[in-house]
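Input: a single structure, listed below in structure tokens.
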Amino acid sequence: MGCALLEYMVEIFLCPGLKQNWWISNTGLVMVLFGEVIRKSAILTAHRSFTHRIKIYHEDHHDLITHGIYRFVRHPGYCGFFIWAIGTQVMLCNPLCVVMFTVVTWRFFSSRIPYEEFFLRQFFGSRYDEYAQRVPSGLPFIK
């Protein structure tokens, strides 16, 4: 976020016209709202099964959620955050940070998702395999 603030301040000083593209800012705002709705839908749908930490041990209340937003996206929390993060930079008209946020968040999720799915397969077996074949991850180029 420090880079985002720095880019914004430098660009507003050096080329203020770049920050006056309201249609770009509004597009970013729509992305932020859309990403937030997706992420909050994931949290509300999964209830206690939604955590910020990857579970490496199966708990009794840990269910395989395949309804609600999870019908369309396997990792809606990650998908929503990805869209939200990029949207913040589109909204600020920060072209360098749009690229940086895209690369950094994608790399983070591209390593986290396979790790998480390893445990989901351990917990739910073929039920998770079938689900994963039907429903996309929600992030580009991550199967």
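Some points to look at:
- Yes/no for residue 99 being over 12 Å from the mean Cα position of the chain (by Cα), open to solvent by 60 Å² or more (accessible area, probe 1.4 Å), under 19 Å from residue 1 (Cβ atoms) and at pLDDT 95 or above: yes
- Here residue 128 clears all of (1) in contact with a Ser or Thr (Cβ under 9 Å, 6 or more places away or on another chain); (2) surrounded by 18 or more Cβ atoms within 10 Å (Cβ to Cβ); (3) assigned to a helix (DSSP H, G or I) except the condition numbered (1).
- Of the residues examined, residue 113 is not one that is modelled with pLDDT under 95, of a type outside the set (Gly, Ala, Ser), more than 30 Å from residue 9 (Cα to Cα) and in contact with a Phe, Trp or Tyr (Cβ under 8 Å, 6 or more places away or on another chain).
- Filtered by the rule that a residue be open to solvent by 20 Å² or more (accessible area, probe 1.4 Å), assigned to a helix (DSSP H, G or I) and in contact (Cβ under 8 Å) with a residue 60 or more places away in the chain, the range 66-92 gives 70, 71, 78, 90, 91.
- Qualifying residue in the range 45-54 (condition: in contact with a Phe, Trp or Tyr (Cβ under 7 Å, 6 or more places away or on another chain), open to solvent by less than 70 Å² (accessible area, probe 1.4 Å) and part of a loop (DSSP other than H, G, I, E, B)): yes
The values are calculated or read from the model by the stated rules, or taken from the named source; none is laboratory data. Worth saying up front: this structure is predicted, and the values here are computed from it rather than measured. When we count neighbours, we look across all protein chains shown, and the Cβ atoms used for this are built from the backbone with ideal geometry, even at glycine. Accessible surface is based on the protein model in full, side chains and every heavy atom, while ligands, DNA and RNA are left aside. Shrake-Rupley method; radii C 1.70, N 1.55, O 1.52, S 1.80 Å.
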